[in-house]
1. As a test of the formula, what do you get for the chain when each DSSP H run with n ≥ 4 contributes -39,500 (n - 2.57) and the sum is divided by the residue count, at 222 nm and rounded to the nearest 500 deg cm²/dmol?
2. Give me the angle, in degrees from 0 to 90, between the Cα long axis of helix 2-18 and the longest principal axis of the Cα atoms of the chain, rounded to the nearest 10.
3. From the alpha carbon gyration tensor of segment 106-166, can you work out the equivalent ellipsoid semi-axes (sqrt of 5 times each eigenvalue) and give them in Å, largest to smallest?
4. What does the convex hull of the Cα atoms come to per residue for the chain, in Å³?
5. Hey, could you grab the Kirkwood Rh for segment 71-120? Inverse mean 1/r over distinct alpha carbon pairs, Å, one decimal.
6. Rank these for me by crowding, Met170, Met62, going from fewest to most other beta carbons within 10 Å.
7. Taking chymotrypsin sites (Phe, Trp or Tyr not before Pro) that fall in a DSSP loop and have at most 15 other Cβ atoms within 10 Å as cut points, what is the longest piece of the chain between them?
8. Nearest 20 debye, what's the magnitude of the dipole of the chain about its Cα centre given +1 on Lys and Arg Cβ and -1 on Asp and Glu Cβ?
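What follows draws every value from the coordinates through simple rules; no lab data is involved. Note that the structure is predicted; figures quoted are calculated from it, not measured. Reconstructed Cβ throughout: ideal geometry from the backbone, glycine too, with neighbour counts over all protein chains shown.
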Amino acid sequence: MTKLMTRLATATMIALAAAPAFAAEEGPFFSLRNSEFVVGVAFLIFVGVLIYLGVPGKVAGMLDARAEGIRTDLNEARLLREEAKTLLASYEAKQKEVQIQSARIVATAKEEALAAAKQAKADLQGSIARRMAAAEEQIASTVKAAELAVRNQAISVSVAVAADVLKRQMTADQAAAAIDASIQQVAAKLH
């Protein structure tokens, strides 16, 4: 409280020392009839009451509290900004990782598609080769069967023609002798 009183007294002394400079043109400055003197005294009393009631301390405290609140808000904002930067960096890293992974997936899919196409081509060529071989075997078999059929037909025709020629040229005695000779040949071969 002594500091307060000292300040009040100092302010009063300064105001009183400067008072003659504010003197009205009509009369003395230290008169209740001088409106400037009355306003100055009222102002000093008002300031004194404010100082006595501790208004400057309360205002300073409110300003300090407000400054502390702003400081706290700024710290929170800094923390949130750092957290947002960290989160952004995390998302950017994840995005890069996803891009790399999707590029790998696409590359793998292309490789698999090319491999599948090559395999399908090889399988198709193998299938065509097998079908060609089967067709060639079938053609060869058909040719052999046709040759055999033609040969059998030729033999049958030849035998029929020979039998017909022999019938015309051979007599009954010659036919019986030929049959006996054939039976003897078959009997010799079987024993």
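1. On the way: 4 runs with 169 residues, N = 191.
Helices in the chain give a 222 nm mean residue ellipticity of -33000 deg cm²/dmol.
2. It works out to around 60 degrees.
3. Values: eigenvalues 657, 3, 3 Å².
Ellipsoid half-lengths, sorted descending, are 57, 4, 4 Å.
4. Values: hull volume 65.2 nm³, N = 191.
Convex hull of Cα atoms, per residue: 341 Å³.
5. Numbers: mean 1/r = 0.0717 Å⁻¹.
Evaluated on segment 71-120, it is 13.9 Å.
6. Numbers: Met170 14, Met62 10.
Ascending Cβ contact count within 10 Å gives the list Met62, Met170.
7. Details: sites that count: Phe29, Phe30.
Within the chain, the longest run free of exposed chymotrypsin sites (Phe, Trp or Tyr not before Pro) spans 31-191.
8. Details: 22 positive and 20 negative charges, 72 e Å.
Roughly 340 debye for the chain.
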